[in-house]
Amino acid sequence: MEYNPQQLEKKWQTFWSENKSFEPSDDTKQEKKYILSMFPYPSGRIHMGHVRNYCLGDAIARYFRKANFNVLHPIGWDSFGMPAENAAIKHKLHPKKWTYENIDYMRDELRALGLSFSQTREFATSDELYTKWEQEFIIKMYEAGLLYRKSTVVNWCEPCHTVLANEQVEEGCCWRCGTPVEQKEMPGYYIAITKYAQELLDDLKTLEGSWPSQVLTMQENWIGRSEGLEFDLELSKDSRFKLNKQFASYKVFTTRPDTIYGISYSALAPEHPIVKYIVENNLLPNDKIEAIKAMQKVSERDRATQDKQGVSLEIDVIHPLTGELIPVWVANFVLASYGGGAVMAVPAHDQRDFEFAKQYSLPIKQVIVGSEGIIENPTEAFTGEGELINSESFTGLKNIKAKKAIIYHFEQNSIGKKQVNFKLRDWGVSRQRYWGAPIPFVHCDSCGLVPEKVENLPIALPEDVEITGHGNPLDTHETWKKCACPKCGKEALRETDTLDTFVQSSWYFLRYATNHKKWEKEGISKKDADYWMDVDQYIGGIEHAILHLLYARFFTKVLNDLGYVNSREPFKRLLTQGMVLKDGAKMSKSKGNVVDPDSIVEEFGADTARLFILFAAPPTKELEWNDSAVEGAYKFIKKFVQRSSNISKEAALNFENIEHSSLNKEEKEARRKVYDALKRANDVFTKTFTFNTLIAGAMEALNALQAQNNELVWAEGYYILTNILEPIIPHTCWELADNLFERKNFNNKIEVKEEVFALDSIVLAVTINGKKRCEVEVSPSASKEEILEIAKKQANKWLEGNEIIKEIVVPNKLVNLVIKG
């Protein structure tokens, strides 16, 4: 049989489509598997990263289908977002037209790979029906106090007249036009993810062993739980007067209450209310005001990479325990988003505080000593453990014990309290752009902010807009923007912000879990979700380890609390695949090192692309592109097809009658290699996902089959190999299994026959004084005495005339004889 990949791939792709071969069943009594790869953005063409991601998921899905599971393996499109608007500006195309044309093209590319996706559950997140149910969730979250509107400082590009996400700011400039970005206070919508911070942290424990440990660590660090002391720093009398009695104190949080006697200054974030009041009322000399304004224009992220900068605010606070006056500064290293935007600064024991103190010649007071004692003229902060000094009644305590003692003292005297803080911040979901899901709220002069009525959803985007890159076209669309207030009926204005696309990707797996017939009327079907959720195996890039996975976990918990689903975690198991590299760098158009998957499919066939991508490296490791390895994959498949001509129809029907004991050595070895590959396959598909080892085992098995001539052994080998390779090279295996076995080997789980692993003989190394001299072949049942007798006879020339003083037999491995001299 000759191998013609284009012909047989077209044949089986047509068969699968016409027969709806990959649609999940509605039979909820059947054991299920939900296999999901992270869905793509429809950029126009797939890349090798897509190929790797979807071939991994497809292999797992195909394996479980053959094992008689009800498999849900869907695909969809994360279709809102900035790239569509950029394309609209560049190509003068409407974002919707550009997006859906790309979806059509990419769908064909994925189908050409033979991926076993459900066709009925496919959708795009920009579909109005998807937007409808998402807007309902947003309204329910608002009603539950989980979504709110507030003003905050954002990245603003004046020429583009839009807010930019942090990732859209490159070296302080707008990624689109290159203009320096300003910090501007604007209203926006926020989801209160911080209310779930502790649960998101605690539930990471339930994922241990089934999620990569580094992903769990990354999530834990992002949530960033810290325990410490919260207290007020009271302003001095003179300082209160300087601030026109508008402020009496401000809160600080510290994880190091043991260092509290070492405070030598306090620092506020540039956005702190006291700092803003001072600037707005010109309460400092002009040069200081201008310096503070310059700090305020820089984003927190960019400040983190700058040298320490600060300005004295010429006010003081009172130390809560000693009564000393402490100067207050504004500092660029203090974050407005953490701990109230204010810190007690202890330069002797915090490196950041130390660097600032050195910069501005502020005092450095050591209050903890280690084994080296007091450090004169320190060059860095001492952050180790030790004993308190210069700390009044707490002097002499170990600092770990002092933390608890000082917090207790604050609480007993009602001047502070133990506090848990998180680095995690509430999630800003407002985007000032057109191509996104409209936020379903209305602004009414009489009623204020009002959610749209659920029965009026979806609030769909108007299509008669022009995308120029200057501002949000929804702001200037008078007929769409004007509406009636859902509460009082008066004239009102629609919200023109659209949702962050992370919102759409935070619950899409629940859309897949609902039968398409129920979706239009019900949205998420709780009954369907109870059956399919949680996702049994999730596959995607490590770059999504923090935000996407955290938001998906959060959304699942919220939708549970709102009564939509019973799940509280979305993904049982997680596989994070490594990047595809070429010439040592990640494939990208800018580097000119992209390999077009379409060209591989056209020249060598989809199965070659699939085999290479799964064989070249373990899935979690980076994969280096190799043209010769692609050709090697093609040659293996070609040989696999051609060697099938060794099997007659009669042999294909009768191989179950093999008498293993009557086979010769080569025939037995071939069977052992085939069944070894089968045994390996079961482990790979359910535990390790190291498809490279499975493919290597199949290659070894084919080589072993070629070393013997028994037709029945050939037939049995192909019965097993076409089964275990079907998830990897499906078109080839369907063709061979159909021709030889009427695909009966796809309907049953093939049992491993342990008889093939029973050896007729074993080979042992013979060493003398630890040095290998020869080998002996013995029966597996041979006794120690029999083995020694054979070994001594075989090694006689090295033993002759020498006294053996020790005889060691290591079962199934070696014989070691120790001689004198």
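The values are calculated or read from the model by the stated rules, or taken from the named source; none is laboratory data. Predicted model only: the values in this text are computed from it and were never measured. In this analysis, Cβ positions are derived from the backbone assuming ideal geometry, glycine residues included, and neighbour counts consider all displayed protein chains.
The residues of region 680-698 that are buried (at least 21 other Cβ atoms within 10 Å of the Cβ) and among the β-branched types (Val, Ile, Thr), listed by number, are 684, 695. Within region 143-166, residues that are among the aromatic types (Phe, Trp, Tyr) sit with their Cβ atoms under 7 Å from residues that are buried (at least 21 other Cβ atoms within 10 Å of the Cβ), at 6+ positions apart or across chains, in these pairs: 156/163; 156/181. Selection of region 272-290 for residues being of a type in the set (D, E, K, R) and touching a Ser or Thr at 6+ places or on another chain (Cβ under 9 Å) yields only 288. Does residue 607 qualify as being buried (at least 18 other Cβ atoms within 10 Å of the Cβ) and either closer than 22 Å to residue 695 by Cα or in the same structural domain as residue 510 (by TED's automatic domain parsing) (or both)? Yes: the conditions hold for residue 607.
Residue-level check: of (1) touching a residue at least 60 places away in the same chain (Cβ under 8 Å); (2) closer than 30 Å to residue 197 by Cα; (3) under 41 Å from the mean Cα position of the chain (by Cα); (4) surrounded by 13 or more Cβ atoms within 10 Å (Cβ to Cβ), residue 401 misses just (1). When region 417-476 is filtered for residues that are on the phi > 0 side of the Ramachandran plot and either modelled with pLDDT of 95 or more or surrounded by 19 or more Cβ atoms within 10 Å (Cβ to Cβ) (or both), only 448 remains. Restricting 679, 621, 665, 639 to residues that are charged (D, E, K, R), touching a residue at least 24 places away in the same chain (Cβ under 8 Å), outside the structural domain of residue 116 (by TED's automatic domain parsing) and under 30 Å from residue 10 (Cα atoms) narrows the list to 639. Contact map, region 306-332: residues that are among the aromatic types (Phe, Trp, Tyr) paired with residues that are part of a strand (DSSP E or B) and buried (at least 18 other Cβ atoms within 10 Å of the Cβ), Cβ distance under 7 Å, separation 6+ or inter-chain. Pairs shown: 329/265; 329/267; 329/310; 329/311; 329/313.
A single entry from 32, 90, 10, 97 fulfils the requirement of being under 28 Å from residue 751 (Cα atoms) and either in contact (Cβ under 8 Å) with a residue 24 or more places away in the chain or among the basic types (Lys, Arg) (or both): 32.
Name the residues in region 790-815 that are closer than 16 Å to residue 762 by Cα and surrounded by 13 or more Cβ atoms within 10 Å (Cβ to Cβ), would you? Within region 790-815, 790, 791, 794, 809, 814, 815 meet the criteria. Does residue 165 satisfy the criteria of being surrounded by 14 or more Cβ atoms within 10 Å (Cβ to Cβ), at pLDDT below 85 and either acidic (Asp, Glu) or within 20 Å of residue 502 (Cα to Cα) (or both)? Considered against the rule, which asks whether it is surrounded by 14 or more Cβ atoms within 10 Å (Cβ to Cβ), at pLDDT below 85 and either acidic (Asp, Glu) or within 20 Å of residue 502 (Cα to Cα) (or both), residue 165 comes out as yes. Just checking, which of 96, 90 is outside the structural domain of residue 473 (by TED's automatic domain parsing), modelled with pLDDT under 95 and either within 27 Å of residue 570 (Cα to Cα) or of a type outside the set (Val, Ile, Thr) (or both)? Every option except 90 fails the conditions.
Screening residue 69 against (1) surrounded by fewer than 21 Cβ atoms within 10 Å (Cβ to Cβ); (2) out of contact with any strand residue (DSSP E or B) (no Cβ under 9 Å at 6 or more places or on another chain) leaves a single unmet condition, (2). When residues of region 248-273 are filtered for being of a type in the set (Gly, Ala, Ser) and surrounded by 23 or more Cβ atoms within 10 Å (Cβ to Cβ), how many remain? Final tally of qualifying residues: 4. Pairing each residue of region 743-757 that is within 30 Å of residue 665 (Cβ to Cβ) and among the hydrophobic types (A, V, I, L, M, F, W, C) with any residue that is assigned to a helix (DSSP H, G or I) and modelled with pLDDT under 90, provided the two are 6+ apart or on different chains, yields C-beta distances under 8 Å for 752/682. Annotation: of all residues in region 477-506 being surrounded by fewer than 17 Cβ atoms within 10 Å (Cβ to Cβ) and among the hydrophobic types (A, V, I, L, M, F, W, C), the one that is nearest to the chain's Cα centre (by Cα) is 493. If the condition is being acidic (Asp, Glu) and either within 23 Å of residue 666 (Cβ to Cβ) or surrounded by fewer than 21 Cβ atoms within 10 Å (Cβ to Cβ) (or both), then region 699-742 contributes 700, 711, 716, 738, 742. When residue 342 is tested against (1) farther than 25 Å from residue 417 by Cβ; (2) surrounded by 15 or more Cβ atoms within 10 Å (Cβ to Cβ); (3) not basic (Lys, Arg), just one condition goes unmet, and that condition is (1). Candidates 149, 121, 111: the one that is over 30 Å from residue 52 (Cβ atoms) and charged (D, E, K, R) is 149. When each of 115, 110, 129 is tested for being more than 24 Å from the chain's Cα centre (by Cα) and either outside the structural domain of residue 469 (by TED's automatic domain parsing) or in contact (Cβ under 8 Å) with a residue 60 or more places away in the chain (or both), the lone residue that passes is 129.
Given the options 591, 521, name the one that is farther than 30 Å from residue 3 by Cβ, assigned to a loop (DSSP other than H, G, I, E, B) and over 12 Å from the mean Cα position of the chain (by Cα). Among 591, 521, only 591 is farther than 30 Å from residue 3 by Cβ, assigned to a loop (DSSP other than H, G, I, E, B) and over 12 Å from the mean Cα position of the chain (by Cα). Checked against the criterion of being at negative phi, buried (at least 20 other Cβ atoms within 10 Å of the Cβ) and at pLDDT below 90, region 641-660 has no qualifying residue. Of all residues in region 258-281, those that are without any contact (Cβ under 8 Å) to a residue 40 or more places away in the chain have Cβ atoms under 8 Å from Cβ atoms of residues that are in a helix (DSSP H, G or I) and of a type in the set (Lys, Arg), 6 or more apart or on another chain, in 279/293.
The set of residues in region 131-150 that are within 17 Å of residue 426 (Cα to Cα), among the hydroxyl-bearing types (Ser, Thr, Tyr) and buried (at least 19 other Cβ atoms within 10 Å of the Cβ) contains only 142.
With respect to the conditions (1) part of a helix (DSSP H, G or I); (2) buried (at least 18 other Cβ atoms within 10 Å of the Cβ), residue 575 lacks only one, and its number is (1). Looking at (1) part of a helix (DSSP H, G or I); (2) buried (at least 16 other Cβ atoms within 10 Å of the Cβ); (3) out of contact with any Asp or Glu (no Cβ under 9 Å at 6 or more places or on another chain), which is the one condition that is false for residue 24? Only one criterion is unmet by residue 24, namely (1).
The residues of region 167-185 that are closer than 28 Å to residue 508 by Cβ and either free of Cβ contacts under 8 Å to residues at least 40 places away in the same chain or not in a loop (DSSP other than H, G, I, E, B) (or both), listed by number, are 167, 168, 169, 175.
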